[in-house]
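Worksheet: one structure, shown below.
The values are calculated or read from the model by the stated rules, or taken from the named source; none is laboratory data. Bear in mind the structure is a predicted one, so any value in this text is a computation, not a measurement. Here the Cβ positions follow ideal geometry from the backbone for every residue, glycine too, while neighbour counts run over all protein chains shown.
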Amino acid sequence: MKAFRFLRPRTLAEASEALRREPGAVPKAGGVDLLDRWKERVEEPEVVVGLCDVTDGAALRLEEDGALVLGALATLADLAGSDLVRRFLPALARAADQAASPQIRHRATLGGNLAQATRCGYWRLRSFPCLLRGASRCPVREPGGVQETAGIFANDPCASAHPSSVAPVLGALGAEILVGGGPEGGRGLAFEALWRAPEPGRSDVLALEPGELIRAVRIPPSAHPVRVGHAEVRQRAAFDWPLVTAAVGLTLDADRIREARVWLGSVAPTPHRARAAEAALTGRRLAEVRATFDGRAAAEGATPLPGTAYKAGLVAVAARRALADALERS
Amino acid sequence: MSEQAAGPTARRVQATWRVNGESVTVAFRPHRTLLEVLREDLGLTGTKHGCELGECGTCTVLLDGEPVLSCLVLGLECEGREIRTVEGLAGPEGPSDLQRAFAELGAAQCGYCTPGFLLVAEHVLAREPRPTRAQLVEELSGNLCRCTGYLKIYEAVERAAQRRAEGAAAEGRHGG
């Protein structure tokens, strides 16, 4: 690992100030993935803004209006173990509890999970060409490219996949992202506005202004009952990356679905909203979707590569299981 | 906000940690990991250096009581914090109950993964004195062992848990 300067702000505001003052500085919370990347020399920051001393970023709280605000520096173990999260957002607690390993969950943060980079093996090895690191083409898309874990939506020109299994659940909950510290001060972002589409020569995945940090995730209160389910398909039950994650959020009017949110993970360069599946669920009665929803609408618009054709089928399976989870559990 | 400079000729920085109950001040370059400082600067080589990428679990230590991978923590991030390594498990009367159970049941073969398993198991038993087998399998899923097939490790943790429960019951009977 290459040496760096290490700054240690005490507050999120100080951290933002440091990021603005030092172009190219990288914020580090848990940093479990950052350290891998620095050791492999995929990235070599000159300046690291360590968030280890920041005391105002990890709280999990219920607001007076019923909104839940989850500090971005809360760890996945904090989320999984929080009485508040387990009571009001059980699908989120389960998703956080299934990610990675116990040791990693004690370090990995909510903000870092949303900000994490692709698992693409080409991007992660400096000796391979990669569009995001300046090559003219994405080697995953070439004949002979290793494609099994690649994205199947929005996968041209870059077939990377965003691996967060927490993000789809937050999307299904209708979460918004609170960012702060940029030129405009604090602001709220619609969930999907946190990420940007891949661009040649740019490895960062977040649509943040210089100096901005993810401060918190806000789950707005709902006037109607909400049910949220989550399902993940992966090769190993523990300590594995998902092949596909699906989450379904239903806002109910008695037994009718007033609004549906369906989000997928590990299938596109950013968390992916499955709008056709939402349309297939919205306005229907619960008994009807329980009997007829086959999940295939969630794969609408997919453009799989030869090596990822199987993933469209997995998306349907995961969406079906996530719906069943929503109907059974919450 | 403080700053700790680095660079190829970087000066060492000083940090004070509590390691196995003792206050330790140590100087190291700012990008060194907790694993590197424990082994190379403090000579605590019980914490093993495995994959160094967060995949094997053998470098696990307890940081403020929670299991973390010391290869994925910077030494600088541990200022003022409590670190427990495998060297801190044995007491004046010898190996801990968990260590004894591991030895009795052959839960260590080559032994390279053992320190990591012991520390995660300490954490598990501190929170859940009688874990189910399913809980143990999940809680120990971040540690790889290529020798034992895991069964003897689970049995050893269960034996230690049982002895602790019996010990607590005996103390209760004696009013202690």
Query - Scan of the stretch A:20-57 for residues that are closer than 14 Å to residue A:112 by Cβ, touching a residue at least 40 places away in the same chain (Cβ under 8 Å) and either assigned to a loop (DSSP other than H, G, I, E, B) or basic (Lys, Arg) (or both), ordered by number - result: A:29, A:30, A:31, A:37, A:51, A:52, A:54, A:57
**Report entry** Near pairs, Cβ below 8 angstrom, 6+ apart or cross-chain, from the stretch A:307-328 (closer than 9 Å to residue A:296 by Cα) to any residue that is surrounded by fewer than 20 Cβ atoms within 10 Å (Cβ to Cβ) and not β-branched (Val, Ile, Thr)
**Finding:** A:316/A:294; A:316/A:296; A:320/A:294
Requested in this report: Would you be able to say whether some residue in the stretch B:97-107 is small (Gly, Ala, Ser), in the same structural domain as residue B:155 (by TED's automatic domain parsing), in contact with a Phe, Trp or Tyr (Cβ under 8 Å, 6 or more places away or on another chain) and free of Cβ contacts under 8 Å to residues at least 60 places away in the same chain?
Outcome: yes
Report task. List every residue pair whose Cβ atoms sit under 9 Å apart, with the two residues 6 or more apart in sequence or on different chains, where the first one lies in the stretch B:152-176 and is modelled with pLDDT under 95 and the second, anywhere, is exposed (fewer than 10 other Cβ atoms within 10 Å of the Cβ). Result -> B:170/B:176
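For residues in the stretch A:98-123 being free of Cβ contacts under 8 Å to residues at least 60 places away in the same chain and polar (S, T, N, Q), which is nearest to the other protein chains (Cβ to nearest Cβ)?
A:103
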Report task. Restrict the check to the stretch B:106-113 and report whether at least one residue is within 14 Å of chain A (Cβ to nearest Cβ) and surrounded by fewer than 23 Cβ atoms within 10 Å (Cβ to Cβ). Result -> no
Query raised in the report: Hey, among the residues in the stretch B:30-46 that are closer than 23 Å to residue B:145 by Cβ and away from chain A (no Cβ under 11 Å), which one's surrounded by the most Cβ atoms within 10 Å (Cβ to Cβ)?
Result: B:38
Query raised in the report: In the set A:110, A:132, A:114, which member is at pLDDT 95 or above, surrounded by fewer than 24 Cβ atoms within 10 Å (Cβ to Cβ) and within 18 Å of the chain's Cα centre (by Cα)?
Result: A:114
Requested in this report: Name, by its number, the condition in (1) among the acidic types (Asp, Glu); (2) over 30 Å from residue A:25 (Cα atoms); (3) in contact (Cβ under 8 Å) with a residue 60 or more places away in the chain that does not hold for residue A:212.
Outcome: (2)
Requested in this report: Of the conditions (1) within 20 Å of residue A:75 (Cα to Cα); (2) in a helix (DSSP H, G or I), residue B:142 clears all except one; give me its number.
Outcome: (2)
Requested in this report: Would you mind stating whether residue A:124 is in a loop (DSSP other than H, G, I, E, B) and crowded, with 16+ Cβ neighbours inside 10 Å?
Outcome: yes
Requested in this report: May I ask you to list the residues in the stretch A:160-196 that are within 19 Å of residue A:241 (Cα to Cα) and either of a type in the set (Val, Ile, Thr) or without any contact (Cβ under 8 Å) to a residue 60 or more places away in the chain (or both)?
Outcome: A:166, A:169
**Report entry** Members of the stretch A:172-189 that are surrounded by fewer than 24 Cβ atoms within 10 Å (Cβ to Cβ) and farther than 24 Å from residue A:56 by Cβ
**Finding:** A:174
Report summary line: Here the residues within the stretch B:34-68 that are in contact (Cβ under 8 Å) with a residue 60 or more places away in the chain and either in a loop (DSSP other than H, G, I, E, B) or aliphatic (A, V, I, L, M) (or both) are B:46, B:47, B:48, B:50, B:55, B:56, B:57, B:58, B:62, B:65
Query - Failed item in (1) over 24 Å from the mean Cα position of the chain (by Cα); (2) of a type outside the set (Lys, Arg); (3) surrounded by 15 or more Cβ atoms within 10 Å (Cβ to Cβ), with residue A:64 passing the rest - result: (3)
Report task. Give me a count of the residues in the stretch A:18-31 that are facing chain B (nearest Cβ under 8 Å) and under 20 Å from residue A:185 (Cα atoms). Result -> 1
**Report entry** Restricting the stretch B:81-90 to residues that are hydrophobic (A, V, I, L, M, F, W, C) and assigned to a loop (DSSP other than H, G, I, E, B), the residue that is nearest to the other protein chains (Cβ to nearest Cβ)
**Finding:** B:89
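Is it the case that residue A:34 is facing chain B (nearest Cβ under 10 Å) and not aromatic (Phe, Trp, Tyr)?
Taking the combined requirement at face value, the residue satisfies it.
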Query raised in the report: Can you pull out the residues in the stretch B:126-156 that are of a type in the set (A, V, I, L, M, F, W, C), surrounded by 20 or more Cβ atoms within 10 Å (Cβ to Cβ) and within 14 Å of chain A (Cβ to nearest Cβ)?
Result: B:136, B:140, B:145
Report task. Report yes if some residue within the stretch A:167-184 is at negative phi and within 14 Å of chain B (Cβ to nearest Cβ); otherwise report no. Result -> no
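Yes/no matrix, rows are residues, columns are (1) closer than 30 Å to residue B:147 by Cβ; (2) modelled with pLDDT of 95 or more; (3) surrounded by 22 or more Cβ atoms within 10 Å (Cβ to Cβ); (4) more than 7 Å from chain A (Cβ to nearest Cβ):
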{"position": "B:9", "(1), (2), (3), (4)": "no, no, no, yes"}
{"position": "B:21", "(1), (2), (3), (4)": "no, yes, no, yes"}
{"position": "B:24", "(1), (2), (3), (4)": "no, yes, no, yes"}
{"position": "B:28", "(1), (2), (3), (4)": "no, yes, no, yes"}
{"position": "B:48", "(1), (2), (3), (4)": "yes, yes, no, yes"}
{"position": "B:56", "(1), (2), (3), (4)": "yes, yes, yes, yes"}
{"position": "B:60", "(1), (2), (3), (4)": "yes, yes, yes, no"}
{"position": "B:71", "(1), (2), (3), (4)": "yes, yes, yes, yes"}
{"position": "B:79", "(1), (2), (3), (4)": "no, yes, no, yes"}
Query raised in the report: Only one of these conditions is not met by residue A:244: (1) at pLDDT below 95; (2) under 16 Å from the mean Cα position of the chain (by Cα). Which number is it?
Result: (1)
